[in-house]
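See below for the structure under consideration.
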Amino acid sequence: MIYFAKRNLKEIIRDPLTVLFGLGFPVVILLLLTAIQSNIPVSMFELSHLTPGIAVFGLSFMTLFSATLISRDRETAFLQRLFTTPLTAADFILGYTLPILPLSVLQCVITFIVAIILGLKITIGILYCTVFIIPVSIFYIALGLLCGSLLSVKQTGGICGALLTNLSAWFSGIWFDINLIGGVFKKIANALPFIHAVELERAVLKGELLSALPHLIIVLIYATAILCLAVFSFLRKMKQA
Amino acid sequence: MESIKTLKLTKKYKDTIAVDRLDLTVKRGELFALLGINGAGKTTTIKMLCGLTRPTDGDALILGKSVLSEMVEIKRLIGVSPQETAVALGLTVKENLELICGINKMPLEKATELCNTFGLNGVFGKKAGKLSGGFQRRLSIAMSLINEPEILFLDEPTLGLDVIARSELWDTIRSLKGKVTVILTTHYMEEAEALSDRIGIMKSGRLLTIGTADELKQKAEAEKFEDAFVKIVKGDIS
């Protein structure tokens, strides 16, 4: 499994777009919004409020990476070759998931380093954020596994690249307060995991671990459910190769 | 000794029968070609034999082991080079070979050894995605030999290659004769005739006939193998 995981890591980091979007995009947004904030102060864009949101939003790119990798492997018949080797279903799932996990944490760390440079106060909360980003990352990576198992490379670009990033942006409360809209929109947002992932990070940054717990539970439920669905879909594809 | 024995092997997809009660025996060390037009059931047969899809009915024994119940053991005995190019395009030739070494728990020196055998030394450090179609196929076959398989499945190995690349790949396949049992699927008559010890002709999921190229020509009373194939597939023989 370790060889397979290494291969996946190499494939991801050798794609310059991955590095550009995965690690650079969240930093660019952070810089841009902080510049706006310095001219027109908005509480929403204060670093302590904005940074956790950006760290979570950046993970939607991880979904795109994992989904693209799997769907490309399927389309080039590389996966078919691997299905005829002694690799087990668990090897495949871990092999696709594990290499993206450190990338997700790295993305979070870079986002916070930039935020510190821009003036975010150094607290123990930042460490909590990098720890609690792991369950959130698992949710996003599992979503990628699911999409990669079901969709073609082209569809993956559309679904993960456009739809998911939009869902993640609109229903996460990163860019605007969901309470300002309220109604059905708020209900939908609260039913989805994105806002809870952001609130989890915001709470742990403040050191409020207890108030983070309900959000963590929702994220974990979604992560587990999506991971199970992803494993089921992947196994079905293995049988239908 | 038999390498492969299929027992009424069948695969159905909803209303379509892709492979219909196939009974086939391949001897150890033999280079056996499955020949047929598109949709004959060649690839589905290969997929069932190497565990990529489960038979709907019947069974197949690979070195005495059942594809229904002993696939884990079978996977250690076979090598597969799928129809489409199945290499990691972002990895170098060396990394592709070492990846399969690692997965099969084989020493990494095996990668260098196969590079020598398959004339891949000149492109050892080149990314697979940058290789020509011929080199990608050669790499694909080299990868399928990493685990020193007793049976090698080559599904349409020269499909889409130019004449030179095809001829070079034929030499490579010939060099394997006698060392491993090779099951080759193709729809190129000349390929089947030039490479195989025996040929099985399939149509609509059924095995129409089996024999050496000369035997099939004799049976169809044709001088050219291509004519024999056409007669057999059209059912114009007694």
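The values are calculated or read from the model by the stated rules, or taken from the named source; none is laboratory data. All values derive from a computational prediction rather than experimental measurement. Virtual Cβ from ideal backbone geometry, glycine too; neighbours counted across all protein chains shown.
A few remarks follow.
- Candidates B:K179, B:K234 - the one that is of a type outside the set (D, E) and without any contact (Cβ under 8 Å) to a residue 24 or more places away in the chain: B:K234
- Enumeration of residues in the stretch B:52-63 that are in a loop (DSSP other than H, G, I, E, B) and either charged (D, E, K, R) or over 21 Å from A:L235 (Cα atoms) (or both): B:R54, B:L63
- Yes/no for B:I146 being modelled with pLDDT of 90 or more, within 13 Å of chain A (Cβ to nearest Cβ), over 21 Å from B:K27 (Cα atoms) and in contact with a Cys (Cβ under 9 Å, 6 or more places away or on another chain): yes
- Hits in the stretch B:136-148 (condition: part of a helix (DSSP H, G or I) and touching a residue at least 60 places away in the same chain (Cβ under 8 Å)): B:I141, B:M143, B:S144
- Residues located in the stretch A:55-83, provided they are polar (S, T, N, Q) and modelled with pLDDT of 85 or more: A:S60, A:T63, A:S66, A:T68, A:S71, A:Q80
- Subset of the stretch B:74-97 [over 15 Å from B:S132 (Cα atoms) and either modelled with pLDDT under 90 or at the interface with chain A (Cβ under 9 Å from one of its Cβ atoms) (or both)]: B:K75, B:R76, B:I78, B:G79, B:V80, B:S81, B:P82, B:Q83, B:E95, B:N96
- Taken as a whole, the stretch A:52-72 holds no residue that is without any contact (Cβ under 8 Å) to a residue 12 or more places away in the chain and surrounded by fewer than 20 Cβ atoms within 10 Å (Cβ to Cβ).
- Single residue of A:P41, A:P86 found to be outside any helix (DSSP H, G or I), at pLDDT below 90 and either in contact with a His (Cβ under 7 Å, 6 or more places away or on another chain) or more than 14 Å from chain B (Cβ to nearest Cβ) (or both): A:P41
- Residues of the stretch A:166-176 classified as part of a helix (DSSP H, G or I) and surrounded by 13 or more Cβ atoms within 10 Å (Cβ to Cβ), total: 4
- Among the residues making up the stretch B:64-93, a single one is part of a helix (DSSP H, G or I) and in contact with a helix residue (DSSP H, G or I) (Cβ under 6 Å, 6 or more places away or on another chain): B:V93.
- Matching residues, the stretch A:189-218, being part of a loop (DSSP other than H, G, I, E, B), surrounded by 14 or more Cβ atoms within 10 Å (Cβ to Cβ) and either among the basic types (K, R) or without any contact (Cβ under 8 Å) to a residue 40 or more places away in the chain (or both): A:L192, A:K206
- B:I100 vs. criteria of a type in the set (A, V, I, L, M), within 12 Å of another protein chain (Cβ to nearest Cβ) and either farther than 22 Å from A:I2 by Cα or assigned to a helix (DSSP H, G or I) (or both): yes
- The set of residues in the stretch B:1-42 that are within 20 Å of A:F83 (Cβ to Cβ) and surrounded by fewer than 22 Cβ atoms within 10 Å (Cβ to Cβ) comprises B:Y13, B:A18.
- Extreme residue, farthest from B:N104 (Cα to Cα), among residues of the stretch A:7-30 that are within 12 Å of chain B (Cβ to nearest Cβ) and surrounded by fewer than 18 Cβ atoms within 10 Å (Cβ to Cβ): A:P16
- Extreme residue, nearest to the other protein chains (Cβ to nearest Cβ), among residues of the stretch B:105-135 that are surrounded by 14 or more Cβ atoms within 10 Å (Cβ to Cβ), at pLDDT 90 or above and not in a helix (DSSP H, G or I): B:K127
- Scan of the stretch A:44-67 for residues that are in a loop (DSSP other than H, G, I, E, B) and closer than 17 Å to A:H196 by Cα, ordered by number: A:G58
- Scanning the stretch B:182-219 for residues that are of a type in the set (V, I, T), closer than 20 Å to B:T44 by Cβ and free of Cβ contacts under 8 Å to residues at least 60 places away in the same chain yields a single hit, B:T209.
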